[in-house]
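The values are calculated or read from the model by the stated rules, or taken from the named source; none is laboratory data. Every value quoted in this text rests on a predicted model; they were computed, and no experiment measured them. Here the Cβ positions follow ideal geometry from the backbone for every residue, glycine too, while neighbour counts run over all protein chains shown. The area values use the complete protein model at the heavy-atom level, side chains included, leaving out ligands, DNA and RNA. Shrake-Rupley method; radii C 1.70, N 1.55, O 1.52, S 1.80 Å.
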Amino acid sequence: GARTHNLRGVDVDLPLGKLIVMTGVSGSGKSSLAFDTVFAEGQRRYLESVSVHTRGLLKQLPRPDVDEVSGLPPTVSVDQRVSTAPIRNTLAMTTEIYDYLRLLYARAGTAHCTRCGQAVASQSVDQIPNGLLCLPERTRLMVLAPLVRDRRGAHKEVLASIARNGFVRVRLDGNLLDISQVPELDPARSHSIDAVIDRIIIKEGVAQRLRESVELAVRESDGTCVISIADGDGWSDRLFSTRFHCATCDLSFPTPEPRTFSFSSAWGACPECQGFGVVGIVDDTDDISVFRKSSCSTCRGSRLQPFASAVAFLNRTIHQFTSCSVDQCGALVESWLTELSTNRTANLSQEARLVAAKTLPDILRRLECLRQVGLGYLALDRPTRSLSGGEFQRARLAASLGSGLYGACFVLDEPTSGLHPRDTQKLLQTILQIRDQGATVIVVEHDEEIMRAADFLVDLGPGAGSEGGNLLYAGDLADIHRIPDSPTARCLQGRLRFDATDLKEASRSRLISTGETDRETLSNNKKQVQETLPFSDRVDQTDAHANKRLVVRGAKRNNLRGLTVEFPLHQFVCVTGVSGSGKSSLVMETLFPVIEAYQQSERHGLNALADVECDAIEGIEHISRIVAVDNSAIGRNRRSCIATISGIWNEVRRLFARTRDARAKGYSAQKFSFNSGDGRCAACRGSGVREMRMSFLPDATVPCPDCRGSRFSQAVLEVTFRGLTVADILNLRIDAAREFFSEFASLNAKLSTFHDVGLGYLTLGQPASTFSGGEAQRIRLAVELAEKHSDHTLYVLDEPTSGLHPADIIQLLRLLRKLVAGGHSVVVVEHNVDVMLASDWIIDIGPESGPAGGTLVAAGPPPVIAAAKASMTGRFLGHGNSCR
């Protein structure tokens, strides 16, 4: 009885311990079933099993709209929301590798002096007082034993131990107190506690007392002591350690702990950059100022305080290790393990060797998991938020595989997103490993290879929105062909095709066929592609656009190796290559920002060229506009929706303001705005929801109790247009709104554009935060198409097929061809074989990922790439449509 969103009372039995693939066209209800029903109920039940305080919050946490979910194991969501990661997180932290590294370097690392760089030696109890006796006579000092350093808790046991050992004074958070006067500490705050061992004045005959006090302090605090020296009206502290001291520079350092290497806390983070590794600087060039990010001069990009940055394990600091790629780190750890097994680590203590022997295998196992999911090209210090959604999800998947969790239910969202066909098999093996460890894996996916590997297939549809939400099929693949209304069945049977034959038109507007006709003609797509004319013959050379192109020269961004490549204009150009080969570095981080900067001024463009490390981009004068159509989140606030993004709501408000009721009440169009003004609900400020903050889980939202989710005040809801209130209009599906406003040309035209891009199932008021990446991208396309720009525009798209069913991809291709037919240029970064075959020109980057990529492998129309032996992409082009 699942009814979440558009699900229509779905009943389904999902087998435990199996790979379950949920599929269907976009908006059919896959995520509603997998995430909003199965995972949400698992999360709710987990909360129900914890503390009484937490259970009290469950009264506000809505249950999924479902009659019953039985046999549900603990659920783990592995989605693609990179924005949920803490801002300082890196790949190593996301996969828990950094936790093992912190332990390794704290317990087995060699500390070095931050001034001279020499390895620091231990300082004896005799050396500490000898240095203090050189202070001026009558200098007052306190010998302290540091017991707690900036840690949360009430620390009752520590305070009781101080009293039990006979010490009468304590320094608590910098204040000197009698032990009997110490108040009860707030356990939620961080505290520092030092036992006062002795108070001494430097004078003749005090040496023995000072030595005994230092020895006692060192014994109480496990090798360290603090000498607080009177300095005018205040005191200054000097830390001494029996383990780490540089005799040359007379500097002492604290004993390294795992938190010493944490740049996400004040304890270990570089004070200059606060643990980010970069700082913002302003370059003044002539009459403009350019804000840039530069490596922090204090920590040199390590993010850590100087002492932590200088600790090394086998001559490599933690920053030097994490700055390497996953593949390089794996090879290094293997070499370290070999050295340990052959006793070639004489410079390590026995304790260090034992720690290394325990931690290195775990680090290597997690690195291997990252390699398995195709992320070997990424550096471990890569900021998590800079990863694509697909990379982030696969990193979390690798962490799940490394955890060895048994019996859980993992719910994955489009794990093949951003993955080259070559790497899909690696990912599939990882998913199967998780299943074989005893887990149930539910995957929302459209990739044919993943679907064919499923133990159990769940197909929802047949359409989107109100036309979906039905369970079309549940079972193994053997019988799905019996479902005539299933686009998935047509795909798996090879009956979902696009026409790749008509490439000779001067407009290069290829017609995409969604029907099932002419199957024999289309059954050998490879043969069709091989028979198409080469690019130079396909283009009418008298065409004014024939020789116009962009030329990127000497691109060196990230792993690009001085790349020079041509982009034909007024064409549909596809940039391909294995994951991490440099596609996004070329298009999204070089081509787009430079052209966008040149649109402002030549000076901005030159600065952008320097920023992205590119020698030049020629042919920019041929472009009037450049638009990036990506799958990032749409809208600046929680009230953003299709109605506001498209400008439709402005026209709707004006219609309501012209009604008889509105004129009688004196309401202007502003009264019908839920973004501002006094017409919106005062309690939720027009969002329709209230946020429930939870410290242990992501924040939850519930409908506003005042307006019941309508967003408007009761007075505004009394005004109707053709029987509907403004809240009713927001709840209309785009297809229904299109029919409702059929007599209003401007509104109908905009709504028709959204219908044409396959988004007719969305409601006008659906929050932009709930859009999938594919939906966000198609919304941007629809807005562009609705505005009908006549100037030559370069559209840049990054993985536009993300989240799209093969049936939706055909519709997307029709839209892209429509843009080219309108005189514009389209550049897409894509791995989907159908998109490659539908393009006019392919630029293949590689041949491998990371340092082994960044060069031009081949360029030309699809048949040229298919024939290129060095092209990994070409091998898959020969197989034709991905759902063959």
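Here are the numbers for the structure shown:
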item: Checklist (1) within 30 Å of Val627 (Cα to Cα); (2) surrounded by 20 or more Cβ atoms within 10 Å (Cβ to Cβ) applied to Ser769, failing item; result: (2)
item: Matching residues, the range 705-741, being in a loop (DSSP other than H, G, I, E, B) and open to solvent by 70 Å² or more (accessible area, probe 1.4 Å); result: Pro705, Asp706, Arg708, Glu718, Arg722, Asn731
item: Tally, over the range 832-841, of residues that are open to solvent by 10 Å² or more (accessible area, probe 1.4 Å) and of a type outside the set (Val, Ile, Thr); result: 2
item: Residue among Ala782, Ala866, Ala859 that is surrounded by fewer than 22 Cβ atoms within 10 Å (Cβ to Cβ) and of a type in the set (A, V, I, L, M, F, W, C); result: Ala859
item: Flag for Glu775 being at negative phi, at pLDDT below 85 and in a helix (DSSP H, G or I); result: yes
item: Whichever residue in the range 201-247 is over 52 Å from the mean Cα position of the chain (by Cα) and within 23 Å of Leu159 (Cα to Cα) and, among such residues, is least open to solvent (accessible area, probe 1.4 Å); result: Ser213
item: Number of the condition not met by Gly469 [criteria: (1) touching a Lys or Arg at 6+ places or on another chain (Cβ under 6 Å); (2) surrounded by fewer than 23 Cβ atoms within 10 Å (Cβ to Cβ)]; result: (2)
item: Residue ID - surrounded by the fewest Cβ atoms within 10 Å (Cβ to Cβ), chosen from residues in the range 133-153 that are modelled with pLDDT under 90 and not basic (Lys, Arg); result: Cys134
item: Meets criteria (surrounded by 13 or more Cβ atoms within 10 Å (Cβ to Cβ), of a type in the set (Phe, Trp, Tyr) and under 28 Å from Ser190 (Cβ atoms)) for Tyr105; result: yes
item: Hits in the range 654-673 - residues which are without any contact (Cβ under 8 Å) to a residue 40 or more places away in the chain and buried (at least 19 other Cβ atoms within 10 Å of the Cβ); result: Ala669, Ser673
item: Qualifying positions in the range 298-331 - hydrophobic (A, V, I, L, M, F, W, C) and either open to solvent by 60 Å² or more (accessible area, probe 1.4 Å) or within 27 Å of the chain's Cα centre (by Cα) (or both); result: Cys299, Leu304, Ile318, Phe321, Cys324, Val326, Cys329, Ala331
item: Close pairs (6 angstrom Cβ cut-off, 6 or more residues apart or separate chains): modelled with pLDDT of 90 or more in the range 601-619, open to solvent by 40 Å² or more (accessible area, probe 1.4 Å) and assigned to a strand (DSSP E or B) anywhere; result: Asp615/Arg553; Ala616/Arg553; Gly619/Arg549
item: Contacts under 6 angstrom Cβ, first residue in the range 581-599 being touching a residue at least 24 places away in the same chain (Cβ under 8 Å), partner open to solvent by 10 Å² or more (accessible area, probe 1.4 Å) and acidic (Asp, Glu), 6 or more apart; result: Met588/Asp798
item: Test set (1) touching a Ser or Thr at 6+ places or on another chain (Cβ under 9 Å); (2) over 23 Å from Arg778 (Cβ atoms); (3) open to solvent by 20 Å² or more (accessible area, probe 1.4 Å) - Glu566 fails condition number; result: (1)
